[in-house]
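Okay, so here's the structure we're looking at.
The values are calculated or read from the model by the stated rules, or taken from the named source; none is laboratory data. Computed from a predicted structure; not experimentally measured. Every residue, glycine among them, receives a Cβ derived from its backbone with ideal geometry; neighbour counts consider all protein chains shown.
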Amino acid sequence: MPMSGMISIPGEVIMAISAIFAALSQLLLKLSAGRTYKSSIGEYLNIRVISAYVLLGLSMLMNTYAFQTVDYKWGPVIASTSYVYIMLLSYFVLKERMSTKKIIGSLLIVLGIIIF
């Protein structure tokens, strides 16, 4: 039971936000990989890479917390939405082309979630 005045967020919502954080993490890593750095240490110690790993760590912590209240069968289902988020972010932010295979794959993920 939540403490008085505390907002209770359902575990499924926490997992969905976690999937978005994981997708944003991948986007930041891809943005970092596309740049040229003056030193090899700069490739790993820059704001994009550090932010990406912070988001990924938060995503893992959020999933761990959410699994306290969410049935285990839902974890992989909700986590699989990150693939769709990554494809959409790549298209809109990185201006990458969406191949027919990527679109079909994402539609199959969404269809699998609906059927499940």
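Among the conditions (1) surrounded by 13 or more Cβ atoms within 10 Å (Cβ to Cβ); (2) within 23 Å of residue 105 (Cα to Cα); (3) out of contact with any Ser or Thr (no Cβ under 9 Å at 6 or more places or on another chain), the only one that residue 21 does not satisfy is (3). For the range 76-89, the count of residues that are in contact (Cβ under 8 Å) with a residue 40 or more places away in the chain, of a type outside the set (Lys, Arg) and farther than 21 Å from residue 114 by Cβ is nonzero. Looking at 53, 37, just one residue is among the aromatic types (Phe, Trp, Tyr), farther than 24 Å from residue 109 by Cα and not in a helix (DSSP H, G or I), and that residue is 37.
Yes/no matrix, rows are residues, columns are (1) touching a strand residue (DSSP E or B) at 6+ places or on another chain (Cβ under 8 Å); (2) free of Cβ contacts under 8 Å to residues at least 12 places away in the same chain; (3) of a type in the set (Gly, Ala, Ser):
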{"residue": "21", "(1), (2), (3)": "no, no, no"}
{"residue": "26", "(1), (2), (3)": "no, no, no"}
{"residue": "33", "(1), (2), (3)": "no, yes, yes"}
{"residue": "40", "(1), (2), (3)": "no, yes, yes"}
{"residue": "43", "(1), (2), (3)": "no, yes, no"}
{"residue": "51", "(1), (2), (3)": "no, no, yes"}
{"residue": "99", "(1), (2), (3)": "no, yes, yes"}
{"residue": "108", "(1), (2), (3)": "no, yes, no"}
{"residue": "114", "(1), (2), (3)": "no, yes, no"}
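Conditions tested, residue by residue: (1) of a type in the set (A, V, I, L, M); (2) modelled with pLDDT under 95; (3) within 19 Å of residue 9 (Cβ to Cβ).
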{"site": "46", "(1), (2), (3)": "no, yes, no"}
{"site": "51", "(1), (2), (3)": "no, no, no"}
{"site": "61", "(1), (2), (3)": "yes, no, yes"}
{"site": "64", "(1), (2), (3)": "no, yes, yes"}
{"site": "102", "(1), (2), (3)": "no, yes, no"}
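Scanning the range 18-62 for residues that are over 17 Å from residue 93 (Cβ atoms) and over 16 Å from the mean Cα position of the chain (by Cα) turns up 36, 37, 38, 39, 40, 41, 42, 43, 44, 45, 46. With the condition kept exactly as written, say whether any residue in the range 14-21 is at pLDDT 95 or above, aromatic (Phe, Trp, Tyr) and assigned to a helix (DSSP H, G or I). There is at least one residue in the range 14-21 that is at pLDDT 95 or above, aromatic (Phe, Trp, Tyr) and assigned to a helix (DSSP H, G or I). The requirement of being surrounded by 14 or more Cβ atoms within 10 Å (Cβ to Cβ), under 14 Å from residue 13 (Cα atoms) and touching a Phe, Trp or Tyr at 6+ places or on another chain (Cβ under 6 Å) is fulfilled nowhere in the range 32-43; no residue meets it.
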